[in-house]
Amino acid sequence: MGGTFNPIHYGHLVTAEVVRDRFKLDKVIFIPSYRTPYKGRINLAPSRHRYKMTKLAIENNGYFSVSDIEIKRRGKSYTRDTMKGFKERFGKKTKLFFITGADAIAQIPKWKKAEELPTLCEFIAASRPGFRLKKLPPRYQRHTHLIEVPALAISSTNIRRRLKKGETIKYLLPEKVEKYIYKYRLYSSQRESEHVGK
Ligand code: NAP
């Protein structure tokens with residue numbers, strides 16, 4: 001499962017669990033990107049913090065783990081390089097699925113060495129109900145599954161906005177992640193002293 005996880009929230013966790021169950025996956029590996037291609041770094045927390053928050057968020061699910069493959073590689077995080085790395089690590093016969101937001105999947109034809117991707121993995125595009133995935137070229141369409149997850153009404157953008165305004169983020173993400181955000185004053189949080197220890 002790829003994303004910036006800036007920060008990780010219950011929408012991501014519910015998506016991962018629903019997909020794991022529906023596709024009978026052996027495991028779900030969360031891959032915080034170092035730098036997402038085509039995007040600036042506006043309000044992007046340092047990768048070590050996003051990695052740590054992801055670790056804290058998944059610690060109660062034995063099927064979940066976190067990979068630092070993209071963070072260690074640095075530079076732009078190209079999914080093709082990551083999937084190639086996983087194929088080498090887990091063996092050619094291992095079936096890989098790349099799970100991420102449907103907005104991102106819609107852009108796949110523009111990704112680096114995109115034509116190689118369907119030979120490496122299938123795609124699972126997660127969206128909130130009602131989202132219509134832009135028609136992909138057949139080559140990618142054949143390998144893409146759209147999954148609706150109501151919990152994706154929660155979004156990292158909204159959480160960052162709330163923090164900026166000093167609004168509560170309780171119940172939108174795991175409590176340990178909430179405390180971590182206040183402890184390290186991520187996303188211009190001014191309310192650390194009010195929240196830490198509660
Ligand atoms: P993003 O800015 O974090 O996310 C874009 C949208 O998708 C947001 O609405 C986001 O919601 C949602 N989303 C992201 N990750 C999700 C997840 N795991 N489950 C459900 N929804 C998710 O990320 P992005 O830049 O679009 O990149 C997404 C993934 O695609 C990353 O792994 C990135 O490396 C990969 N990618 C690869 C290439 C390439 O290889 N050339 C190009 C672009 C993207 P939230 O904000 O709530 O997370």
**Complete:** Checked the range 74-99 for anything within 12 Å of the ligand (Cβ to nearest atom) and either part of a loop (DSSP other than H, G, I, E, B) or open to solvent by less than 20 Å² (accessible area, probe 1.4 Å) (or both); matches are Gly75, Lys76, Ser77, Tyr78, Thr79, Thr82, Met83, Phe98, Ile99
**Asked** Is the range 123-138 home to any residue that is over 21 Å from Tyr38 (Cβ atoms), surrounded by 11 or more Cβ atoms within 10 Å (Cβ to Cβ) and within 14 Å of the ligand (Cβ to nearest atom)?
**Response** yes
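For the range 5-33: of the residues being part of a loop (DSSP other than H, G, I, E, B) and crowded, with 21+ Cβ neighbours inside 10 Å, which is nearest to the ligand (Cβ to nearest atom)?
Narrowing the range 5-33 to residues part of a loop (DSSP other than H, G, I, E, B): 5-9, 23-27, 33.
Narrowing further to those that are crowded, with 21+ Cβ neighbours inside 10 Å: 5-9, 33.
On the way: Phe5: 7, Asn6: 6, Pro7: 9, Ile8: 8, His9: 6, Ser33: 4 Å.
Selected residue: Ser33.
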**Prompt:** Scanning for something more than 10 Å from the ligand (Cβ to nearest atom), basic (Lys, Arg) and assigned to a helix (DSSP H, G or I), does the range 51-58 turn up at least one residue?
**Reply:** yes
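The values are calculated or read from the model by the stated rules, or taken from the named source; none is laboratory data. Note that the coordinates shown come from a computational prediction; the quantities given were computed from them, not determined experimentally. As a convention, Cβ positions derive from the backbone with ideal geometry for all residues, glycine included, and neighbour counts pool all protein chains shown. Please note that ligands, DNA and RNA were not included when accessible areas were found on the heavy atoms of the full protein model with its side chains. Shrake-Rupley method; radii C 1.70, N 1.55, O 1.52, S 1.80 Å.
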